[in-house]
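K.L.:
Here it is, the structure, as structure tokens.
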Amino acid sequence: MSNRIGAISVILAKRLNVDNSKALKMFYASKTCANLHDKSTGLYLRGDMYVADDFMQEESNRQKAPSSRTKPSKDQIRLKK
């Protein structure tokens, strides 16, 4: 499995324009990596590019999610009243 994770992190490093060690740390901290290790998900049966795509989707969703530290907009405050 470690060879696969290394190959996936190289793919991610190129896509994210970061060094390999940063990509590896990001991948290890992801839900995608947890799913790769969880046999019940079947993700381990997919190719490295598929897993990299899954990680990129996870990152995209994470970045779109509102941060709990952001202030609510005026419209959101009006809706609560």
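The values are calculated or read from the model by the stated rules, or taken from the named source; none is laboratory data. It should be emphasised that the depicted structure is a prediction, and the values quoted were computed from it without experimental measurement. All Cβ positions, glycine included, derive from the backbone under ideal geometry; neighbour counts span all protein chains shown. Remember, those area values only see protein heavy atoms, side chains included, never the ligands or the DNA or RNA. Shrake-Rupley method; radii C 1.70, N 1.55, O 1.52, S 1.80 Å.
K.L.:
Can you report the number of residues in region 1-34 which are outside any helix (DSSP H, G or I) and buried (at least 16 other Cβ atoms within 10 Å of the Cβ)?
P.N.:
Quick first cut of region 1-34, residues outside any helix (DSSP H, G or I) only: 1, 17-19, 29-30.
Within this subset, residues satisfying the condition of being buried (at least 16 other Cβ atoms within 10 Å of the Cβ) are 30.
The number of residues fulfilling the criteria is 1.
K.L.:
I'm trying to understand the selection: among the residues of region 37-66, which are open to solvent by 50 Å² or more (accessible area, probe 1.4 Å) and either outside any helix (DSSP H, G or I) or modelled with pLDDT under 95 (or both)?
P.N.:
Passing the criteria: Asp38, Arg46, Asn61, Arg62, Gln63, Lys64, Ala65, Pro66.
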